[in-house]
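The structure under discussion appears below in the form of structure tokens.
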Amino acid sequence: MGLGGRLIGIFISPTETFTDIVGRPSLAWLAPLVVLTILAVVSSGLVIHRVGMEQIVRSQLAQSRMAQNLTPEQLEQAVERGVTIGKYQAYIAPLLFPFIGLLVIAGVLALMTNFVLGSEVKYSTMMSVTAYGMMPGLVLGILNIITMHLKDPADIDIQNIVASNLGPLVSAESSKVLHRLASSIDIFSFWQIALMALGIATAARFSFGKGLVGVVVPWLVWVLAAAGLSALF
């Protein structure tokens, strides 16, 4: 199976695609990483162009508990600092975060698979499995770009451009913890979880259910930790 076949196959025949990846894992993670990084850079640039950094910063400060204690002058200073920092972050983060995220997620899944579930999968193989498991992000990114072009910039929620999760059902003003938990119930997250579980099961040669445990347990820890931290800020 060639590179193009893998990138398409992960959506239409994931089992066969993961079997091919596990059989030839060397640098297989590179292609999906490049695709997702390019998409992240394009999406970030479009957000800045369509929404504007100042609006983004003001929206984030409006949801921050610390900002509620600021005077109008302090709030404007915070907006100014946020815009300055945000302009750099908006272009640097998309270049770094996909790769950093891949390293971390693959590491966590390798630990779960090798030390908790009792298998033996090389880290390089897990990186390839993880990278292809992240490919639903490509679909979400394309939908985000289309939505940003169709919507009025004032109506764009950069935290949930495409309504793919239950976050909008719970207001962050009423409960940040519940809002964060609801936002985690996301179609694309579940798609990625299922793909990564299938990839782990293929690489480790055990059942899909066992692979699902290897992905869902650290995901739940992350969701609960993020929800707890959201209550502090």
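Couple of notes before you dig in:
- Scanning segment 1-57 for residues that are modelled with pLDDT of 85 or more and among the acidic types (Asp, Glu) returns Glu16, Asp20.
- Residue-level check: of (1) polar (S, T, N, Q); (2) touching a helix residue (DSSP H, G or I) at 6+ places or on another chain (Cβ under 6 Å); (3) in a helix (DSSP H, G or I), Gln74 misses just (2).
- Any hit, segment 40-48, residues being farther than 30 Å from Leu198 by Cα and of a type in the set (Val, Ile, Thr): yes
- Contacts under 9 angstrom Cβ, first residue in segment 112-136 being assigned to a helix (DSSP H, G or I), partner crowded, with 21+ Cβ neighbours inside 10 Å and basic (Lys, Arg), 6 or more apart: Tyr132/Arg6
- Index of the failed condition, Glu80 passing every other in (1) over 23 Å from Asp155 (Cβ atoms); (2) charged (D, E, K, R); (3) modelled with pLDDT under 80: (3)
- Per-region count, segment 137-160, residues at pLDDT 85 or above and not in a helix (DSSP H, G or I): 0
Per-residue answers, yes or no, for (1) in a helix (DSSP H, G or I); (2) among the β-branched types (Val, Ile, Thr); (3) surrounded by 13 or more Cβ atoms within 10 Å (Cβ to Cβ); (4) touching a Pro at 6+ places or on another chain (Cβ under 6 Å):
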{"site": "Gly4", "(1), (2), (3), (4)": "yes, no, no, no"}
{"site": "Ile10", "(1), (2), (3), (4)": "yes, yes, yes, no"}
{"site": "Glu16", "(1), (2), (3), (4)": "yes, no, yes, no"}
{"site": "Pro25", "(1), (2), (3), (4)": "no, no, yes, no"}
{"site": "Ala28", "(1), (2), (3), (4)": "no, no, yes, no"}
{"site": "Arg58", "(1), (2), (3), (4)": "yes, no, yes, no"}
{"site": "Ala78", "(1), (2), (3), (4)": "yes, no, yes, no"}
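- In the condition set (1) under 27 Å from Ser13 (Cα atoms); (2) free of Cβ contacts under 8 Å to residues at least 24 places away in the same chain; (3) among the aliphatic types (A, V, I, L, M); (4) surrounded by 17 or more Cβ atoms within 10 Å (Cβ to Cβ), Ala182 is compliant with all but (1).
The values are calculated or read from the model by the stated rules, or taken from the named source; none is laboratory data. This is a predicted model, so every value here is computed, not measured. Glycine also receives a Cβ, built like all others from the backbone with ideal geometry; neighbour counts cover every protein chain displayed.
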